[in-house]
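*Asks:* One structure follows; several queries about it will come next.
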Amino acid sequence: MNLLITGGAGFIGSNLIHRVICRPEVAKLVNLDCLTYAGHLENLKGVSAHPKYAFEKVDLRDKAAVLDVVRRHDITHVMHLAAESHVDRSITGPGDFIHTNVVGTFNLLEACRTVWFGGASGASKTKPGSFRFLHVSTDEVYGSLGATGFFTETTPYAPSSPYSASKASSDLLVRVYHHTYGLPAVITNCSNNYGPYQFPEKLIPVVIQSVLARKAVPVYGDGMNVRDWLYVRDHGEALWLVLNEGAAGETYNIGGHNEWANLRIVELICDLIDEMAPQLGGNSRKLITFVKDRPGHDRRYAIDAAKIKKELGWVPAHKFEEGIRETVRWYIDNQEWVKRVLGKSAGA
């Protein structure tokens with residue numbers, strides 16, 4: 001297996017690389033990342049010198065460069081994680097999301113089709129079973145749920161932000177490349193990830209950093225928006241399983257079976273920091289500040305992960321209370337990492 005992981009310097013990608021670099025099936029692991037504000041090679045210090053590892057600083061929007069990487073490294077398997085992923089940023093600047101998530105995915109699909117199947121000629125250079133393309137997507141493509149119900153693999157798409165619309169578009173492209181060209185592709189749609197190395201712009205690391213700095217902790221609206229939370233290391237195990245055992249042309253929803261209202265998560269993090277860092281003075285819940293809700297803020301997401309459990313035997317290994325405790329401890333112990341990545345984002 002010559003494995004290409006796109007977005008490998010990001011949050012989910014770097015955690016994934018740490019977990020699969022030593023797998024015996026992997027002969028070569030190529031990390032393709034253009035190192036935006038959310039991608040950091042220091043996330044990969046533990047694997048950067050590994051003999052299987054190679055890094056390519058390439059922007060998915062550069063079609064020729066993407067094709068060159070797939071061809072030069074003789075890529076046989078792809079785990080496509082690279083994406084612009086922050087909803088708030090997509091609302092204020094949707095262009096990057098369309099160009100990276102939609103056009104970038106198209107460029108990668110075309111590169112694989114060209115190298116694996118001879119492009120327009122359709123002539124496969126080896127057996128089709130030698131290849132696999134895993135596209136990693138989000139449950140946000142399904143839109144919003146009410147107080148009950150779950151997203152399944154057949155739930156109609158109803159995106160409500162430029163980010164989720166761009167991911168829905170890329171999902172459809174992957175489906176088309178499977179059905180039209182026979183590309184051996186599989187799609188996963190996951191719930192909200194949390195864990196080490198997440199850039200401090202998403203809810204959990206923002207709350208942790210705000211509490212540690214004794215700053216106001218912003219909570220959108222009434223704080224009762226519900227998300228299903230998936231520990232990033234559990235997600236990595238599921239992705240590896242789908243890459244190797246998932247059926248081509250299928251979609252698998254990956255959820256953590258952990259529905260939590262945003263406000264309850266914020267309160268839990270406050271309490272954990274009061275326990276782990278008593279020198280800060282305690283009573284961190286007083287920092288919670290309600291702010292105006294963001295446009296198009298989906299009320300509830302919840303994943304039905306019965307299919308991946310039934311067909312592939314996967315269930316998450318971590319309960320939320322366990323994973324969030326490990327995550328809070330990681331951020332407390334890695335404040336120098338936080339300072340460096342925030343400094344890079346600010347242009348320092």
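*Asks:* Mind running the shape call on the range 69-206? Use the C-alpha gyration tensor, a ≥ b ≥ c as the square roots of the eigenvalues: rounded below 1.5 for a/c, prolate if a/b tops b/c, oblate otherwise.
*Replies:* Values: a/c = 2.09, a/b = 1.73, b/c = 1.21.
Prolate, since a/c reaches 1.5 and a/b exceeds b/c.
*Asks:* Then there's this: For the range 184-266, calculate the relative contact order in percent as a whole number, restricting contacts to Cα pairs under 8 Å that are 6 or more residues apart. Don't skip to the end; give the middle numbers.
*Replies:* On the way: 110 pairs, mean separation 40.4, N = 83.
This gives 49 percent for the range 184-266.
*Asks:* Taking the highest mean first, how do the peptides 227-240, 296-309 order by number of other beta carbon atoms within 10 angstrom per residue? Let's see the in-between values first.
*Replies:* Details: 227-240: 22.8, 296-309: 18.6.
Averaged packing, sorted descending, gives the order 227-240, 296-309.
*Asks:* If you don't mind, there's one more thing I want to ask. Over the chain, what is the relative contact order in whole percent, taking alpha-carbon pairs under 8 Å and six or more residues apart?
*Replies:* Working: 666 pairs, mean separation 60.5, N = 348.
It rounds to 17 percent for the chain.
*Asks:* For a label point 7 Å from the Cα of L41 along Cα→C-beta, name the residues of the range 12-28 whose backbone N is under 18 Å from it.
*Replies:* Backbone N within reach: 13-15, 17-18.
*Asks:* Explain nothing, just the number: dipole magnitude of the range 165-274 about its Cα centre with +1 on each Lys and Arg Cβ and -1 on each Asp and Glu Cβ, in debye rounded to the nearest 20. It would help to have the intermediate numbers written out before the result.
*Replies:* Values: 8 positive and 12 negative charges, 69 e Å.
Computed about the Cα centre, the dipole is about 340 debye.
*Asks:* How large is the translational diffusion coefficient of the range 147-193 in µm² per second when you combine the Kirkwood radius over alpha carbon pairs with Stokes-Einstein at 37 °C and 0.692 mPa s?
*Replies:* Values: Rh = 12.2 Å.
In µm²/s, the coefficient is 268.
*Asks:* Place a point 7 Å from the Cα of V291 along the Cα-to-Cβ direction; which residues of the range 190-223 have their backbone N under 17 Å from it?
*Replies:* Under cut-off, by backbone N: 199-223.
*Asks:* Quick check: convex hull of the Cα atoms in the chain, volume per residue, rounded to a whole Å³? Intermediate results must be reported in sequence, preceding the final value.
*Replies:* Details: hull volume 45.7 nm³, N = 348.
Each residue corresponds to 131 Å³ of Cα convex hull volume.
*Asks:* Based on other C-beta atoms within 10 Å, arrange S137, S144, S160 from fewest to most.
*Replies:* Numbers: S137 24, S144 14, S160 17.
The fewest-first ordering by Cβ neighbours comes to S144, S160, S137.
*Asks:* At S144 and M224, where each label point lies 7 Å from the Cα along Cα→Cβ, what is the point-to-point distance in nanometres?
*Replies:* 1.3 nm
*Asks:* Exposure proxy check: C270, C112 ranked by fewest other beta carbons within 10 Å?
*Replies:* On the way: C270 22, C112 27.
Placing the least packed residue first, the sequence is C270, C112.
*Asks:* In nm, what is the difference between 0.36 nm times the number of residues separating A64 and L342 and their Cα-Cα distance?
*Replies:* Working: separation 278, 0.36 × 278 = 100.08 nm, distance 3.14 nm.
Roughly 96.9 nm would be gained on extension.
*Asks:* May I pose another question? Using unit Cβ charges (K, R positive; D, E negative) and no other charged atoms, how large, in debye to the nearest 20, is the dipole of the chain about its Cα centre? Before the final figure, lay out each step's value.
*Replies:* Details: 38 positive and 37 negative charges, 107 e Å.
Value, rounded to 20: 520 debye.
*Asks:* May I have the extent of the alpha carbons of the range 237-348 along their three principal axes, as whole Å values ordered from largest to smallest?
*Replies:* Here the Cα extents, ordered largest to smallest, are 51, 32, 31 Å.
*Asks:* Please order F290, F151 by the number of other Cβ within 10 Å, starting at the fewest.
*Replies:* Listing F290, F151 from fewest to most nearby Cβ atoms yields F290, F151.
*Asks:* Let me have the 222 nm mean residue ellipticity of the chain computed from DSSP H runs of 4+ only, each contributing -39500 (n - 2.57), with the sum over all residues rounded to the nearest 500.
*Replies:* Result for the chain, helices only: -11500 deg cm²/dmol.
*Asks:* Counting only the backbone N, which residues of the range 1-43 are under 13 Å from the spot 7 Å out from the Cα of N244 toward its beta-carbon?
*Replies:* Answer for the range 1-43: 1, 19-27.
*Asks:* So if the hydrodynamic radius of the range 1-77 is defined as the Kirkwood radius over C-alpha pairs, what does Stokes-Einstein give as its diffusion coefficient at 37 °C and 0.692 mPa s, in µm² per second?
*Replies:* Working: Rh = 12.3 Å.
Result for D is 266 µm²/s.
*Asks:* While we're looking at this one, here's another question. For the chain, give me the percentage of DSSP beta bridges that are antiparallel, rounded to the nearest 5 percent.
*Replies:* 10 percent
Only the coordinates and a few stated rules stand behind these numbers; no lab work does. Keep in mind that what you see is a predicted model, and the values were worked out from it rather than measured. Neighbour counts run over all protein chains shown; Cβ positions are idealised from the backbone, glycine included.
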